[in-house]
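The structure appears right after this line, and notes come after that.
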There are 4 protein chains.
Amino acid sequence: MINFCSDNVAPVHPAVWRALQAADEPDFPYGHDKLSSRLDTVFSELFGTDCIALAVGTGTAANCLALSVLAPPHGGIICHENAHIEVEEGGAPSFFTHGAKLILAEGEGAKLPVEVLERLLDSIQPHVHAVQAHAISISQATEFGRVYTLEELAALGALAERRQLRLHMDGARFANAVAGLGCAPRELVEHGIATLSFGCIKNGGLNAEALVVFDTSLADRLRYHRKRAGQLQSKGRYMAAQILALVEGNLWVENARAANAAAFIVAEACRDRLLHQVDANEVFLRMSVEEQRCLRRQGFMFFSRPATATSPEAGRFVMGWHITEDEAEALARAVAKL
Amino acid sequence: MINFCSDNVAPVHPAVWRALQAADEPDFPYGHDKLSSRLDTVFSELFGTDCIALAVGTGTAANCLALSVLAPPHGGIICHENAHIEVEEGGAPSFFTHGAKLILAEGEGAKLPVEVLERLLDSIQPHVHAVQAHAISISQATEFGRVYTLEELAALGALAERRQLRLHMDGARFANAVAGLGCAPRELVEHGIATLSFGCIKNGGLNAEALVVFDTSLADRLRYHRKRAGQLQSKGRYMAAQILALVEGNLWVENARAANAAAFIVAEACRDRLLHQVDANEVFLRMSVEEQRCLRRQGFMFFSRPATATSPEAGRFVMGWHITEDEAEALARAVAKL
Amino acid sequence: MINFCSDNVAPVHPAVWRALQAADEPDFPYGHDKLSSRLDTVFSELFGTDCIALAVGTGTAANCLALSVLAPPHGGIICHENAHIEVEEGGAPSFFTHGAKLILAEGEGAKLPVEVLERLLDSIQPHVHAVQAHAISISQATEFGRVYTLEELAALGALAERRQLRLHMDGARFANAVAGLGCAPRELVEHGIATLSFGCIKNGGLNAEALVVFDTSLADRLRYHRKRAGQLQSKGRYMAAQILALVEGNLWVENARAANAAAFIVAEACRDRLLHQVDANEVFLRMSVEEQRCLRRQGFMFFSRPATATSPEAGRFVMGWHITEDEAEALARAVAKL
Amino acid sequence: MINFCSDNVAPVHPAVWRALQAADEPDFPYGHDKLSSRLDTVFSELFGTDCIALAVGTGTAANCLALSVLAPPHGGIICHENAHIEVEEGGAPSFFTHGAKLILAEGEGAKLPVEVLERLLDSIQPHVHAVQAHAISISQATEFGRVYTLEELAALGALAERRQLRLHMDGARFANAVAGLGCAPRELVEHGIATLSFGCIKNGGLNAEALVVFDTSLADRLRYHRKRAGQLQSKGRYMAAQILALVEGNLWVENARAANAAAFIVAEACRDRLLHQVDANEVFLRMSVEEQRCLRRQGFMFFSRPATATSPEAGRFVMGWHITEDEAEALARAVAKL
């Protein structure tokens, strides 16, 4: 059996295990340990700009804490209608923001086009009866495996500045986007990203994500929000250890490259079935329910996407850092034979 | 340096490490893995009654999720004025309950006496202008290292039933209470406890606590609350592994016994300085600021308690599972020499 | 100038003024006065069933309190994408429900068709990652001036029971719906409506709406919610006076009939411009921006509806209880001459 | 029967009735009417400084909206343990602030002494585990009928500035305080009051209070909060009419003077029974339960205060604007005869 259901089925990377055990001695709790105190510096170096990095336990917590400082309870946050925060987080954004509204927009590949956002913003009456937009949340890479180009990011940044909106990036697969674009991490966030959910768990970690705060004036509030949300771990050194193991020494990009490479193998081999261009580590393949069943009988695990008004039935195959070329090729061969 | 600041400075127990690494293979996310699916059964056996156990990442999350189903947003939860949920959780109970009020009561050793609760309840006007009490939260062991006796727990249970209040137990140090009382875990919860925060982190775990739900009608809501609070980890198998390593095979009680034993060594040696009777693994010793400074210079780390209207300055010494008899004796000797 | 912008531009009915002044003597506050204590009985008689009626200060408060007991914070409430609670209440439903999600559905005339609801409900994955539907809110009459037939209400009630959903009716224009259907008030709510916002302000009142609770098990929570939301007025007798003046003696239906009659005059005369069938007191007329400007120059005030993908530009004309036949005919003539 | 239970048992003042009926013509809703648009100017003149005034329906709403912009959800608001917001508002402050904590302080006559506040502030650990104070709320006049002197207000303002705390004044009886001090309204708020609940209902109004915002940078958020809380009335002109009738032409001070005068009559006559000095329109008289019963049998209505650790049983007598000298003297005589 090979499990392509999600990159979160992956095990923990050996280097992360080593870092965890190296952290295994008494130290001060609640982020006052030696490892946690390095996070800010390490991320500031990674991004070439002063920033604050807070360790939290889940991607949902990273996203929702990141949003909690970008919009007031009476405000709105624009996101794609297929965004993880809208579809998969059980209403958590509403909880962490005390009721801010997700304002949904459409766009190919789960990307938000600037012109769609302009029209949407123009349609919101500027009075107290309507919830006003205060922020935009984008996923990089998106839920459909697409990656915003640097030009698109620059255009979104310009829009946000023009409209006085704050920007959040859901980077559960930020590493895959960086690997896919082949550029410096800085380039993905320099156009106005205020808060970034920097994913580690899908990429070799155990249970720590980094919430990176580029607008450092928000950091103090976020520290209180993290505590109040039950996300400040007493043995925080074990979270910092995971994150540092991935980020110091480039393991995070290497893992993402491996995952992307597996996706590209499948994409290349199944080009005529691709529902979305493959920019990172997710592959959506058009296939009938019967074909899906056939694949599963051969031991390939994956999630089904139901047909919609505009797209046929499909399977979603996500590559973790641990998926080997052989496993990707085995999947490709099996699809080819359907 | 020996660190007595808290039991959460302790490292992770070797058996927990082994269990973590045994869990290190691909498996389904979000609690659908093989280990997570065993939690309910294991805790039902431990307590001799059907219950549900949910893994969460921090003690604050365990407490506050546990409270979130016991009182409505417009209601109140009675707790001791020194309770962790009131003093140390950054307002998290208010966040998770959407604003329920902590109604504070006094009592020696951070224990809630039934007669105090009766008077407090009588003083609340039964109309919409006053926040009504819906639940009581007790800590076992308490924040001052005291343990409710079985008789006291029975009396609290009877009160709660009589007054139609729900009961929560903050068991961050439940293991220490069980070890201290030398009784079956069941005996601590059988008098009406609806939800229990079963502490693991302070007792050899890494970053998983178990939220045990004895009123199983609340479990479905709690599963949604856990997700919405960003506490449902994708790689949940690593949380379950920690918890199971402690609970299956009695390690949790052994660790607590070791911690308590260290506390008893210090308590015995410093009897005339004790601020509170030592029932578990916390020791509060009266000592001047100068004496505290002297101890710290010798490499003993601990927290200070400022003088209050009713008690002098003191140091708080908490024993983790890892504190050896030698270390406890070293502390005792140093205090004796002050 | 004649103002058709909304029925809330109307003055207060003389009978309501008389009732207000008759209430002008010292009495006990917070609903313990003689008038407030009659509300439950009067509404129970009106609807032929035991119910509770709570006076509140705005339609938004009535709607949102009504919803606050039908869905938990982690749940969802299905409503039309043009529903007042979604479009015009500044996020209030999210505030009063502590973050419950409005799940949007489409339907002609702002009515929710059962088959649309079925499909929507089927599309919600029954797991913690998705917000589950707990309730449906319908507007009667709708925001587009349409009225659900008794058959449609029965079908919605059956759906709600089948799917275990609670039903709320936004009856800001309930009187207009009753007048339009020509049936007993009971018939509009007997198919499972749990809470009804019974509009008075648009229909001759000053600033009191009645929140009618048919599921009386919810009344106690609602009383606490009302207080906690700052909606329990100390001089509640003046709210009760308004409501009683309208409901005792049938003034509420007479006022609504007058408003509907004015709408029918316009509808009849402008049949070829009607955007929606006129069932109550709102008339939507297709007209260009230039035509709208021309009407306004003649002293007719109204709101514009921008063109959408499926409908052209239009003007919205709402008839208050005070609009005379002459005024309606004047509008009709002016439109005819455009 | 004469009802001294509260000043909210009073009827509406004739001048307010006249203003209400003068407002009785069609006008634009939601504060866009002619009367509402005058509020800012009228209050700016009254206080001799630019400010914004928002009409709301209850004192609870005025207080809680006023607080909602002074402390974040994770913050705390210091108030007296007998403050109305703590004791009588059913948890509304927690609702409107999304869970901010009321941090309670003691002080004679329900006044907050600066030195008590200093000690309290010093006792709050400045880290994320403790809820930090962000604001102070004082009642003027207090719940025990006392009035802060101008010196005390200046000292509180200095403290607030020194400690970077925002100041709210619950002025449900602001008029009585102004009348009691015999000074200009400006003098009560010029030492840093950011938001003031300016009471009208107890002082001759029907159901409108003014929320006066001196820190005008907060006004925009407050307008959204008011809408989202269901406190923006469609027929807002009837609220503005009440407020303007009281404030334009000094009726508000005259009414308060009359109420205070009645209180002074009783206070003078019953000097030896006074529980609190009488600075405004509330009189607390020590009297046994039997004496209270006797008074009630004679037709005097009032609330009882139970004995506490530091004070004996008492009756609370509150004078509305409508209480005549004869009525006050009748009460005084009846008490004298007890």
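Pick out the one residue from B:VAL128, B:VAL189 that is among the β-branched types (Val, Ile, Thr), at pLDDT 95 or above and closer than 18 Å to B:LEU67 by Cα. Full working, then the answer.
On the way: B:VAL128 fails: closer than 18 Å to B:LEU67 by Cα.
Residue meeting the stated conditions: B:VAL189.
Filter region A:106-133 down to the residues that are in contact with a His (Cβ under 6 Å, 6 or more places away or on another chain) and of a type in the set (A, V, I, L, M), then identify the one that is farthest from C:VAL128 (Cα to Cα).
Among those residues, the one meeting the criterion is A:LEU112.
Would you point out which residue out of A:ALA154, A:ALA175 is surrounded by 23 or more Cβ atoms within 10 Å (Cβ to Cβ), in a helix (DSSP H, G or I) and aliphatic (A, V, I, L, M)? Before you say what the answer is, go through the steps one by one.
On the way: A:ALA154 fails: surrounded by 23 or more Cβ atoms within 10 Å (Cβ to Cβ).
The unique qualifying residue is A:ALA175.
What is the number of the single condition among (1) farther than 30 Å from B:PRO29 by Cβ; (2) part of a loop (DSSP other than H, G, I, E, B); (3) within 14 Å of chain A (Cβ to nearest Cβ) that B:GLU86 does not meet?
Exception for B:GLU86: condition (2).
State all residues of region C:1-40 that are at positive phi and crowded, with 21+ Cβ neighbours inside 10 Å; if no residue qualifies, say none.
C:GLY31
Would it be correct to say that A:ASP24 is of a type outside the set (Gly, Ala, Ser) and closer than 14 Å to A:GLY236 by Cβ?
Values: of a type outside the set (Gly, Ala, Ser): yes; closer than 14 Å to A:GLY236 by Cβ: yes.
Yes, satisfied.
Specify the residue that is nearest to the other protein chains (Cβ to nearest Cβ); the eligible residues are those in region C:181-211 that are touching a Lys or Arg at 6+ places or on another chain (Cβ under 9 Å) and closer than 15 Å to C:ASN260 by Cβ.
The selected residue is C:LYS202.
Name the residues in region D:202-221 that are aliphatic (A, V, I, L, M) and surrounded by 20 or more Cβ atoms within 10 Å (Cβ to Cβ), would you? Explain how you work it out, then say what you get.
Start the filter on region D:202-221 by keeping residues that are aliphatic (A, V, I, L, M), which leaves D:206, D:208, D:210-213, D:218-219.
Of everything in region D:202-221, those that are aliphatic (A, V, I, L, M) and surrounded by 20 or more Cβ atoms within 10 Å (Cβ to Cβ) turn out to be D:LEU206, D:ALA208, D:ALA210, D:LEU211, D:VAL212, D:VAL213.
Which one of C:GLY199, C:GLY236, C:GLY230 is without any contact (Cβ under 8 Å) to a residue 24 or more places away in the chain, touching a helix residue (DSSP H, G or I) at 6+ places or on another chain (Cβ under 6 Å) and surrounded by 24 or more Cβ atoms within 10 Å (Cβ to Cβ)?
On the way: C:GLY199 fails: without any contact (Cβ under 8 Å) to a residue 24 or more places away in the chain; C:GLY236 fails: without any contact (Cβ under 8 Å) to a residue 24 or more places away in the chain.
Every option except C:GLY230 fails the conditions.
Can you tell me which condition A:ASP33 does not meet? The list is (1) within 26 Å of the chain's Cα centre (by Cα); (2) at the interface with chain B (Cβ under 10 Å from one of its Cβ atoms); (3) closer than 19 Å to B:THR58 by Cα, and all the others hold.
Looking at each condition in turn, A:ASP33 falls short on (1).
Name the single residue that is farthest from D:LEU165 (Cα to Cα) among those in region D:89-142 being in a loop (DSSP other than H, G, I, E, B) and among the polar types (S, T, N, Q). It would help to see each step written out before you state the result.
Residues of region D:89-142 that are in a loop (DSSP other than H, G, I, E, B), as a first pass: D:89-91, D:97-100, D:106-107, D:111-113, D:124-132, D:140-142.
The next check asks that each one be among the polar types (S, T, N, Q); those that pass are D:97, D:125, D:132, D:140, D:142.
Values: D:THR97: 16, D:GLN125: 16, D:GLN132: 10, D:GLN140: 18, D:THR142: 20 Å.
Across region D:89-142, the extreme among qualifying residues is D:THR142.
Restrict the check to region C:232-239 and report whether at least one residue is over 24 Å from C:GLY320 (Cα atoms) and either charged (D, E, K, R) or at pLDDT below 95 (or both). Please lay out each step first, then the result.
Quick first cut of region C:232-239, residues over 24 Å from C:GLY320 (Cα atoms) only: C:232-237.
If we keep only those that are either charged (D, E, K, R) or at pLDDT below 95 (or both) too, we end up with C:235, C:237.
Scanning region C:232-239 turns up at least one residue that is over 24 Å from C:GLY320 (Cα atoms) and either charged (D, E, K, R) or at pLDDT below 95 (or both).
For (1) surrounded by fewer than 22 Cβ atoms within 10 Å (Cβ to Cβ); (2) closer than 14 Å to B:HIS168 by Cβ; (3) not hydroxyl-bearing (Ser, Thr, Tyr), each residue gets a yes or a no:
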site: B:GLY59; (1), (2), (3): no, yes, yes
site: B:CYS64; (1), (2), (3): no, yes, yes
site: B:LEU70; (1), (2), (3): no, yes, yes
site: B:PRO73; (1), (2), (3): no, no, yes
site: B:GLY107; (1), (2), (3): yes, no, yes
site: B:PRO126; (1), (2), (3): yes, no, yes
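Among the numbered criteria (1) closer than 24 Å to C:VAL87 by Cα; (2) more than 9 Å from every other protein chain (Cβ to nearest Cβ); (3) part of a helix (DSSP H, G or I); (4) not small (Gly, Ala, Ser), which single criterion is violated by A:ILE77?
Every condition holds for A:ILE77 apart from (3).
Out of the residues in region D:325-338 that are touching a helix residue (DSSP H, G or I) at 6+ places or on another chain (Cβ under 7 Å) and exposed (fewer than 14 other Cβ atoms within 10 Å of the Cβ), state the one that is farthest from D:TRP252 (Cα to Cα).
Step by step, filter region D:325-338, then rank; the result is D:ALA336.
Assess whether D:SER288 counts as being at negative phi, open to solvent by 40 Å² or more (accessible area, probe 1.4 Å) and of a type in the set (Gly, Ala, Ser). Talk me through it step by step, then tell me what you get.
On the way: at negative phi: yes; open to solvent by 40 Å² or more (accessible area, probe 1.4 Å): yes; of a type in the set (Gly, Ala, Ser): yes.
In short, yes.
Restricting attention to region A:291-324, and to residues there that are open to solvent by 50 Å² or more (accessible area, probe 1.4 Å) and over 19 Å from A:ASN3 (Cα atoms), which single residue is nearest to the other protein chains (Cβ to nearest Cβ)?
Step one: list which residues in region A:291-324 are open to solvent by 50 Å² or more (accessible area, probe 1.4 Å), which gives A:293, A:296-298, A:303-310, A:312-313, A:324.
Then keep just the ones that are over 19 Å from A:ASN3 (Cα atoms); that gives A:306-310, A:312-313.
Values: A:PRO306: 8, A:ALA307: 12, A:THR308: 10, A:ALA309: 12, A:THR310: 15, A:PRO312: 17, A:GLU313: 15 Å.
Within region A:291-324, the match that is nearest to the other protein chains (Cβ to nearest Cβ) is A:PRO306.
So if I check each of C:ARG166, C:ARG162, C:ARG146, which one is more than 14 Å from chain A (Cβ to nearest Cβ) and within 23 Å of C:GLU254 (Cα to Cα)?
Values: C:ARG166 fails: within 23 Å of C:GLU254 (Cα to Cα); C:ARG162 fails: within 23 Å of C:GLU254 (Cα to Cα).
Just one listed residue meets the conditions, C:ARG146.
I need the full set of residues from region B:36-71 which are at the interface with chain A (Cβ under 10 Å from one of its Cβ atoms) and either among the small types (Gly, Ala, Ser) or not in a helix (DSSP H, G or I) (or both), in order please. Please lay out each step first, then the result.
Initially, region B:36-71 is screened for residues at the interface with chain A (Cβ under 10 Å from one of its Cβ atoms), giving B:56-65.
Listed by number, the residues that qualify are B:VAL56, B:GLY57, B:THR58, B:GLY59, B:ALA61, B:ALA62.
Can you tell me which of B:LEU246, B:LEU218 is touching a Gly at 6+ places or on another chain (Cβ under 7 Å), more than 11 Å from every other protein chain (Cβ to nearest Cβ) and of a type in the set (A, V, I, L, M, F, W, C)?
Numbers: B:LEU218 fails: touching a Gly at 6+ places or on another chain (Cβ under 7 Å).
None of the others qualify; the one that does is B:LEU246.
The values are calculated or read from the model by the stated rules, or taken from the named source; none is laboratory data. Quick caveat: nothing in here was measured; it's all calculated off a predicted structure. All Cβ positions, glycine included, derive from the backbone under ideal geometry; neighbour counts span all protein chains shown. Each accessible area value is taken on the protein alone, full model and side chains, heavy atoms only, with ligands, DNA and RNA left out. Shrake-Rupley method; radii C 1.70, N 1.55, O 1.52, S 1.80 Å.
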